[in-house]
Amino acid sequence: MPSSAPIGVFDSGVGGLSVLVEIRKMLPGEDLFYLADTAHCPYGVKSVEEIRERVLDVSEYLMALGAKMIVVACNSASVAGLDHVREVHPEIPIVGVEPAVKPAHDVTRSGKIGVLATDMTLSGKRFLLLVEKYGTGIEVYTQPAPGLVELVESGKLDGDETEQILKEYLTPLLEKGVDTLVLGCTHYPFLKPVIARIVGPEVEILDTGTAVARQTAKVLTQKQLHSDKPGPGRTVFYTTGGPQEVSKVIRLLWSEPVDAVLKAEV
Ligand code: DGL
């Protein structure tokens, strides 16, 4: 695999852009291929078997496009399919994401943390093991948040509807006295301004974008896969949905110019 090959990053939709932006910052010279699996979004309400298959199919699609490494920029997909795709493809490095329970454990002062994520993430074995490992001595309150992914996918990052739904999910956590809130879905960082307004300045909000970018860089170093191409890397966008509609949301969330969004047949 040539080190000049791209890194393939994917999510059920545009949420993984919150991870991609950190990878772009940390690795400016790498080519990045981002795939939004919009035709199958949201993942969080589907069966584990279905998502495990999507994770494999989409990863293999990115590999066929020449990816030297895969980043599963989705908590639900990581819970459902990371172990499986790693098993099937031991020849390629695959990085996943997990809710920031460990960092939350380290920063909480009240000893009470809240985790907002999809049902799939919160009921998955990976998450339960994470809480078992890092949740000792603290209270971990979880809140499934159906509907938030759809809000981000339709570009409704603020406004009455978004605020109302978020209040419904955040109020029970605030009533428990959490002082640290983990955004356990890569779509949610795009809602952070509204979330911050609701929870107030006393609550620390954590996501995983930077940690995943750091891990991606570390794996590139370990495998000697850093790109040696001169100049800034390209960012190429793909979707399994309608390229025109999806490009509108990508342009809303991505601060650099977007050439085109290509149709992915997978
Ligand atoms: N961004 C995905 C995650 O991190 C969203 C899941 C979904 O599509 O429901 O979990």
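The values are calculated or read from the model by the stated rules, or taken from the named source; none is laboratory data. Bear in mind the structure is a predicted one, so any value in this text is a computation, not a measurement. Counting neighbours? That spans all protein chains shown, and the Cβs are built from the backbone with ideal geometry, glycine included.
Quick notes
- Selection status of GLN215, polar (S, T, N, Q) and either under 20 Å from THR121 (Cβ atoms) or in contact with a strand residue (DSSP E or B) (Cβ under 6 Å, 6 or more places away or on another chain) (or both): yes
- Of the helices (runs of 4 or more DSSP H) entirely within region 11-128, those holding at least 2 residues that are in contact with an Asp or Glu (Cβ under 9 Å, 6 or more places away or on another chain) and not aliphatic (A, V, I, L, M) occupy 17-26, 48-64, 75-88.
- Number of positions in region 230-243 that are in a helix (DSSP H, G or I) and under 18 Å from the mean Cα position of the chain (by Cα): 0
- Inside region 166-195, residues that are over 20 Å from GLU150 (Cβ atoms) and in contact with a helix residue (DSSP H, G or I) (Cβ under 7 Å, 6 or more places away or on another chain) make up a count of 4.
- Pairs meeting the criteria (first residue in region 141-154 and under 15 Å from TYR169 (Cα atoms), second residue among the aromatic types (Phe, Trp, Tyr), beta carbons under 8 Å, at least 6 apart or on different chains) are GLN143/TYR169; ALA145/TYR169; ALA145/TYR188; LEU148/TYR169; LEU148/TYR188.
- The set of residues in region 108-162 that are within 11 Å of the ligand (Cβ to nearest atom) and of a type in the set (S, T, N, Q) comprises THR118, THR121.
- Per-region count, region 127-177, residues under 17 Å from THR108 (Cβ atoms), of a type in the set (S, T, N, Q) and crowded, with 18+ Cβ neighbours inside 10 Å: 2
- Residues within region 185-229 that are assigned to a loop (DSSP other than H, G, I, E, B) and either touching a residue at least 60 places away in the same chain (Cβ under 8 Å) or on the phi > 0 side of the Ramachandran plot (or both), tallied: 13
- Restricting region 12-28 to residues that are touching a helix residue (DSSP H, G or I) at 6+ places or on another chain (Cβ under 8 Å) and over 12 Å from GLY209 (Cβ atoms), the residue that is surrounded by the fewest Cβ atoms within 10 Å (Cβ to Cβ): LEU27
- The sole residue among GLY137, GLY155 that is modelled with pLDDT under 95, assigned to a loop (DSSP other than H, G, I, E, B) and either under 18 Å from ASP179 (Cβ atoms) or of a type outside the set (Val, Ile, Thr) (or both) is GLY137.
- Matching residues in region 27-58 - criterion: being away from the ligand (no atom under 13 Å from the Cβ) and in contact with a His (Cβ under 7 Å, 6 or more places away or on another chain): ARG52, LEU56
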